[in-house]
Amino acid sequence: MVGRLLRYVCIFVVVAFVGEVAAKSVFPMPQLDAVCTRTVVRKDIVTLAPAELERFIRTVKEMHRRGWMDGFGSMHNHISHQIHGNEHFFAWHRRFLRHFEMLMQEIDPEAILPYWNWATHWQNPLTDPVLSSAYFGGNGRPSDNCVVDGAEERWGRNYPKRNCLTRKYRYGTSTGAFWPMRAVRDVMNTAVTHAQFRSRIENGPHGIVHLGLGGDFETMWAPVDVLFFMHHAMLDKVWAEWQSRDQIRFHSVDGYDASRQPVMAKSLMPFYGEEVGTALLTNGPGYCYIYDDLPAPVVVNPKRAARVAFNAELNTTSAEYYRPLAPPLMPAVAAGHIIPTVPARFVKPAGKALFAKEESPESALIEDFAPPPPLNESWMAKMNVDVEEAERMNRFVNNVVAQINSERRQGSNADAQDQN
């Protein structure tokens, strides 16, 4: 019954979506291949050879000319609440990226979607070449927020209405800091279930980038901007790395959808109507890609017991995973539930010494890194963000940045002592 209802919803959304963009362009809906005739490698965009970068930019410019970017923006916006804040987030966006890449390859069979590693310049994204005129441009101009440099220079869009492509940095001329990779990997090391991992990444580094760039990028039609696909390719890579740490993760998911129905490998993805399980392998049929610094998944059939989905309702509310905001906000742990053990760095509050600056002259020369700012409350409400989780993730990344700063100061003091 639920599956049939989901199919009807998908059909309704497709009809509405196609009707909306049909007058603007023909938006192709290619089907996934049954087998992989080749497996391509997605790379960090700043490592692309000049010819590879030129090929990618030329291809996406043609996609924009054909109106396909409007189509992706419309699709994403129409079903936004079905694919955010629940366990369809990772699998659905992996399918969405593959749809984008397949349309790229209709224009140029050799084109491959790269990823944007925003963690490389996390402390000051303004220094990131991806946000420069040599790549995809930066902040919109003050008068109207239109992007006027880079590959998307003076791009127009027709969805949701006719306008220029916009970005409006969160702090006027600054995006604020993003997440360091150390914090991302700490989440990888401590998240036991898919539901835990999805919630922490979606409400942490994912949202910070969207809100930092602002303009169209902080809306649900953000796919009108090519940076959306490179940002989500980075998130997909992060998911792929987390999956690679346990064979079970290539076969199963857990948690709930937007209607509070369990999400399993056989659940159907919104819009596409394909099983979630078909999107769990990057090099599986129809996807056919790997990432440049990750090994290709080699999957073995798990034991039957390993296929049983984790109880996400219990696991994601376990108070041992976070420092609580206040007692009333944290649900009680069910009696008899076994709480997984996690490293103390994730759950233990930072001590006063962690935040205290050394008083020596040498340490005064080291300027502390600023932590990523918290997500904006009005944006969280609009984007179906889990406010409590976002606040936990903000505290978490603040602790990680404090540790980084403490280690930098200690290193500076050690260097000074060596010189003396």
May I ask you to list the residues in the range 274-283 that are in contact (Cβ under 8 Å) with a residue 60 or more places away in the chain and not acidic (Asp, Glu)? Val276, Thr278, Ala279, Leu280, Thr282, Asn283
Among the residues of the range 223-249, what is the count of those that are surrounded by fewer than 22 Cβ atoms within 10 Å (Cβ to Cβ) and either of a type in the set (A, V, I, L, M) or out of contact with any helix residue (DSSP H, G or I) (no Cβ under 6 Å at 6 or more places or on another chain) (or both)? 7
Among (1) surrounded by fewer than 19 Cβ atoms within 10 Å (Cβ to Cβ); (2) at pLDDT below 95; (3) not aromatic (Phe, Trp, Tyr), Ser252 falls short only on (1)
Test Pro160 against the criterion of being within 25 Å of the chain's Cα centre (by Cα) and under 17 Å from Gly214 (Cβ atoms), and give yes or no. yes
Counting just the residues of the range 141-152 that are closer than 23 Å to His76 by Cβ and of a type outside the set (S, T, N, Q), which one comes out surrounded by the fewest Cβ atoms within 10 Å (Cβ to Cβ)? Cys146
Counting only residues that are more than 13 Å from Pro125 (Cβ to Cβ), give me the helices (runs of 4 or more DSSP H) lying completely in the range 143-218 with at least 3 of them. 181-190, 194-201
Looking at Leu213 and the list (1) within 22 Å of Pro372 (Cβ to Cβ); (2) at pLDDT below 95, which single condition is not satisfied? (2)
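The rows are residues; the columns are (1) within 23 Å of Glu54 (Cβ to Cβ); (2) free of Cβ contacts under 8 Å to residues at least 60 places away in the same chain; (3) among the small types (Gly, Ala, Ser).
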position	(1), (2), (3)
Leu113	yes, no, no
Trp118	yes, no, no
Pro129	yes, no, no
Phe136	yes, no, no
Gly140	no, no, yes
Asp144	no, yes, no
Gly150	yes, yes, yes
Glu153	yes, yes, no
State all residues of the range 392-420 that are modelled with pLDDT under 95 and of a type in the set (A, V, I, L, M, F, W, C); if no residue qualifies, say none. Ala414, Ala416
Please specify each residue of the range 367-401 satisfying the condition of being assigned to a helix (DSSP H, G or I) and over 23 Å from Thr219 (Cβ atoms). Glu388, Arg392, Arg395, Phe396, Val397, Asn398, Asn399, Val400, Val401
Please report, ordered by residue number, the helices (runs of 4 or more DSSP H) entirely within the range 1-113 with at least 2 residues that are modelled with pLDDT under 95. 2-21
Filtering the range 44-83 down to residues that are closer than 30 Å to Ala195 by Cβ and not aromatic (Phe, Trp, Tyr) yields Asp44, Gly73, Ser74, Met75, His76, Asn77, His78, Ile79, Ser80, His81, Gln82, Ile83
So which of Asn145, Asn139 ends up being at positive phi and in the same structural domain as Ala258 (by TED's automatic domain parsing)? Asn145
Does Leu97 meet the test of being surrounded by 22 or more Cβ atoms within 10 Å (Cβ to Cβ) and under 23 Å from the mean Cα position of the chain (by Cα)? yes
Please determine, by comparing only the residues of the range 110-128 that are among the hydrophobic types (A, V, I, L, M, F, W, C) and over 17 Å from Val400 (Cβ atoms), which one is farthest from the chain's Cα centre (by Cα). Ala111
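The values are calculated or read from the model by the stated rules, or taken from the named source; none is laboratory data. As the structure is a computational prediction, the values presented were derived from the model and not from experiment. Note that we place each Cβ from the backbone using ideal geometry, even for glycine, and neighbour counts take in every protein chain shown.
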